[in-house]
Structures are given as structure tokens and as C-alpha cells.
């Protein structure tokens, strides 16, 4: 899948500073998580990073997500921390990969942070993840993640080890990347039958091309666990039932072979 955006309409846009005048753009993907998205936005409001862009891609939610998010943006648009605020809505539902790619295709900053609408970040997340990329010279960075909601715990607790990816994904999509990496690798691939490993597939793309990510040993992000979260639904069930098909698909698309 390429970074060509799916058909969309602009619901809200506000520019406090030039979009390319800051270092980071946060791309938020939303589908029916309006209330949770407001919490995600509040967590961004508390960031220590001086200024950044927020691009929200709604994947044609049938609920009142757009109204809730637009109202929050209207109320907070003059905050100088937000250089460029953008809310767009896909004209049809296209799924998570396409939503992320639509948002990333519009990014003009050196770095992009991927955030699902039901998750959150702690105040120093953007600044520390950006510094990790700059100091390491690597192409991405990720941190420890705190689970909250229906489950507690800490994930993302390992440094980047290529061999570990042979047996499955162990790094969440909630990470910061050099924007140029997405342009070089073509963004997220739409996975067959929506089994939900877009992030794993992208990490494998990075490995195929000799790229690495830096681990930040601080809890900077929060992952909400609930009945419809990816951690509890599609991914685990589909993998158990279709392990052979998944292996064939991943090994067809990647030079780095997995075993699961």
C-alpha cells in the first residue's frame, strides 16, 4: 500500500504557525472512539514539546466522533503549542492501514508519531522519543507502554532485537519515526482479512531494509485495553485460527522470514 491518501473531506483546519516550522506531527487514527480521542488530545495538550502538528484521520465513523473532536479542536485551536491542527474524514471506511497512510501522506515535519485514538501519552513522550532518534541516529524510537483500562502492566520492555521478530511482534505501533522512512517503504500494508498486524508488517519492512528503532526505557505512552482493542480481539483470535496463512503471507512479502 502506498502513501496516496484515500478520498477525504477536511472537517477542521487551523494554522498557528507554518506546518513545517516544528519537528513532529502526531497522526491520530479514529474509528468510533470520539470520547477516548478527547482524552488522547488532552494528553497531547500536556506535552513538553514546544510545538507540533496534530493530524486526525477519522475513518468514516458512524457515531458522533467528528462532532466531539471538532468541538475540542475549536476550543483549543489558539494554543500556541499546536502549530497545525487538521481533522479529516474518509468518505468511506478503509481500515487502519489506509487511515494511517492518509495522515502520514500529509506530514511535512521530519518526525511523525503514530497514535490510535483510544491511547494516550505522558507529557515528555514527544520530546524524549524525538531526542532518542536524534541521539541514536536510528530511524525510529519507542518506549515502555503502560496498559490501562481492563488490564494493567507494562509492555514494549525490550530493546530492538531482530531475532525476536521471528516469533511475532513485540513492539507496539505507538512509536515515533523519521517521516522519510514511510515514504521510502510505502507506508502500512493492508493486511489480509484485517488480522491486525499492520505494525508488525511495518517493523518487518524496516528489518528488510536494514533500519532499526531505539528503545527508550521510560514509560511514555499508555495503551487502553478494552473489549474491542486490538490486543483483545482480531489479532489473537485470527492468528490462532489461521497461523499457516499468516506465515505464508508474511514470508511472501518479506526477506526476513518469520516462524511465529
- With a cut-off of at least 3 residues that are in contact with a strand residue (DSSP E or B) (Cβ under 9 Å, 6 or more places away or on another chain) and within 20 Å of residue 119 (Cβ to Cβ), name the strands (runs of 3 or more DSSP E) lying wholly within the stretch 1-84. 24-30, 52-58
- So which of 148, 182, 177 ends up being part of a strand (DSSP E or B) and under 16 Å from residue 111 (Cα atoms)? 177
- the stretch 43-59, residues that are surrounded by fewer than 17 Cβ atoms within 10 Å (Cβ to Cβ) and without any contact (Cβ under 8 Å) to a residue 60 or more places away in the chain: 45, 50
- Selection over the stretch 65-98 where residues are without any contact (Cβ under 8 Å) to a residue 40 or more places away in the chain, closer than 28 Å to residue 196 by Cα and out of contact with any helix residue (DSSP H, G or I) (no Cβ under 6 Å at 6 or more places or on another chain) yields a count of 1
- Report whether or not residue 108 is surrounded by fewer than 19 Cβ atoms within 10 Å (Cβ to Cβ) and in contact with a helix residue (DSSP H, G or I) (Cβ under 7 Å, 6 or more places away or on another chain). yes
- Message: Tell me whether the stretch 203-210 contains one or more residues that are touching a strand residue (DSSP E or B) at 6+ places or on another chain (Cβ under 9 Å), outside any helix (DSSP H, G or I) and either under 15 Å from residue 140 (Cα atoms) or modelled with pLDDT of 90 or more (or both).
- Response: no
- Note on the structure: Note on the stretch 146-167: residues loosely packed, with under 14 Cβ neighbours inside 10 Å and in contact with a helix residue (DSSP H, G or I) (Cβ under 8 Å, 6 or more places away or on another chain) are 158, 162
- Some residue of the stretch 16-23 being buried (at least 16 other Cβ atoms within 10 Å of the Cβ), over 15 Å from residue 90 (Cβ atoms) and within 17 Å of the chain's Cα centre (by Cα): yes
- Does residue 187 qualify as being modelled with pLDDT of 95 or more, part of a loop (DSSP other than H, G, I, E, B), farther than 15 Å from residue 250 by Cα and under 13 Å from the mean Cα position of the chain (by Cα)? yes
- Query: Among the numbered criteria (1) surrounded by fewer than 17 Cβ atoms within 10 Å (Cβ to Cβ); (2) modelled with pLDDT under 95, which single criterion is violated by residue 3?
  - Reply: (1)
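The values are calculated or read from the model by the stated rules, or taken from the named source; none is laboratory data. The model shown is predicted, which means the values in this text are computed figures rather than measured ones. Cβ coordinates were reconstructed from backbone atoms using ideal geometry, including for glycine residues, and neighbour counts include every protein chain displayed.
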